[in-house]
Amino acid sequence: MDATIRLLIIGIYVVHALVAFLLLIGLKQKMKAPDYGVAVAALSFGLFLPFLAELAVYVVYRIAARFGRSGLIEDYDDYIDFKVVNYEQIRHEASNSTHLLPLTDAINSKDPAIRKHSILTHVNQSIDQQGKYLQMGLESTDSETVHYAAATMNILIDQYEQELKLAKREYDLGKPDTIHRLAMVYKRMIHSELITEVMLKDKRDAWLEELLKAKTLYPPTPWIYEDLNEIYLTLQRPKEQLNILKEYVHHFPERIESHLMLINYYYERERWNEVKAVMFMMQTQFTLEDVPYEYRLLFEEWSDTTSWKNEL
């Protein structure tokens, strides 16, 4: 009798294993990945407790489906359904494209054509830190690259000087546009890093002088406050910088940029209460969707997300 029972139990396990194997093959093409994973788990448990394990897993699965699933399972579903992008082709295309090379790498490239193209095309455009990149070209061991870098640097400096002369010639205190144009020339010259330290100080002082004139003579304008914030930050004059930022927020409360600049000021000085106060002030005028992504996490962690405008 005992032998018969043992044979029966062994037979049940063997039959269950065969049925499980055939089911897994048959269901693979018919079931979605998450559901197929449940089937695999159920049949695997069934190897130790045939049929009863499958029944228990099925009951638990149906209960979970009836009452909702946890975020963990939903995240797992997203993981299972995720389609991997084939980045290999993109990588090869990028390696053959000079437009995707960082400018520093392009100027230091072993290919003379890439170095020449970078200097004559990219650096010659209106970008910040032109002087830094051209200096790399001047330090190159290739004489042709040095020649292109030196020639480009002389041309750019001459262009800035001619543009400055023209802006000064057209300068008229009665015309705000002319002050703005002159201030922008100074700003671009400073950002270019093409001028010497002595010239840099002179141009920065001249830029600040034009900004203060514009602030005194004309109605409040965002570009004046933003440029004054930048120059006071560079000159390390925090008191003037804070006053300008407060004025900016006062005159332009509808501009989210004014609030974010003030938050940056307080955040860099670890004045957390002031950071939260500015956030609280913003909640009546902006939604979280208005906040740029680089600030979003800070706002979500430090502010009451239910209090934002139009938030449910």
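The values are calculated or read from the model by the stated rules, or taken from the named source; none is laboratory data. What you see is a predicted model; the values in this text were computed from it and never measured. Cβ sites come from the backbone with ideal geometry, for glycine too, and all protein chains shown count toward neighbours.
Quick one: would you say GLU240 is touching a Leu at 6+ places or on another chain (Cβ under 9 Å) and either over 30 Å from ASP290 (Cα atoms) or among the hydrophobic types (A, V, I, L, M, F, W, C) (or both)? No: the conditions fail for GLU240.
Just one of TYR148, TYR186 is at pLDDT below 90 and either more than 33 Å from the chain's Cα centre (by Cα) or more than 29 Å from ASN243 (Cα to Cα) (or both); which is it? I'd like the intermediate steps shown before the answer.
On the way: TYR186 fails: either more than 33 Å from the chain's Cα centre (by Cα) or more than 29 Å from ASN243 (Cα to Cα) (or both).
Going through TYR148, TYR186 in turn, the sole match is TYR148.
Residues that are at pLDDT below 80 and not charged (D, E, K, R) within the stretch 275-312 comprise TRP302, SER303, THR305, THR306, SER307, TRP308, ASN310, LEU312, listed in sequence order.
ARG255 meets the conditions (1) among the basic types (Lys, Arg); (2) closer than 26 Å to LEU156 by Cβ; (3) modelled with pLDDT of 90 or more in every case but one. The failed one is (2). Within the stretch 164-178, the residues that satisfy the criterion of being assigned to a helix (DSSP H, G or I) and in contact (Cβ under 8 Å) with a residue 24 or more places away in the chain are LEU164, PRO176.
With respect to LEU217, is the statement that it is closer than 25 Å to TYR186 by Cα, of a type in the set (A, V, I, L, M, F, W, C), more than 22 Å from the chain's Cα centre (by Cα) and modelled with pLDDT of 90 or more true?
Answer is no for this residue.
For ASP128, are the conditions met, namely being in contact with a helix residue (DSSP H, G or I) (Cβ under 6 Å, 6 or more places away or on another chain), exposed (fewer than 14 other Cβ atoms within 10 Å of the Cβ) and either modelled with pLDDT under 80 or part of a helix (DSSP H, G or I) (or both)? When the stated conditions are applied, ASP128 passes them. For the structure I just gave you, tell me whether ILE179 is at pLDDT 90 or above and either of a type outside the set (D, E, K, R) or surrounded by 14 or more Cβ atoms within 10 Å (Cβ to Cβ) (or both). For ILE179, the condition - at pLDDT 90 or above and either of a type outside the set (D, E, K, R) or surrounded by 14 or more Cβ atoms within 10 Å (Cβ to Cβ) (or both) - is not met.
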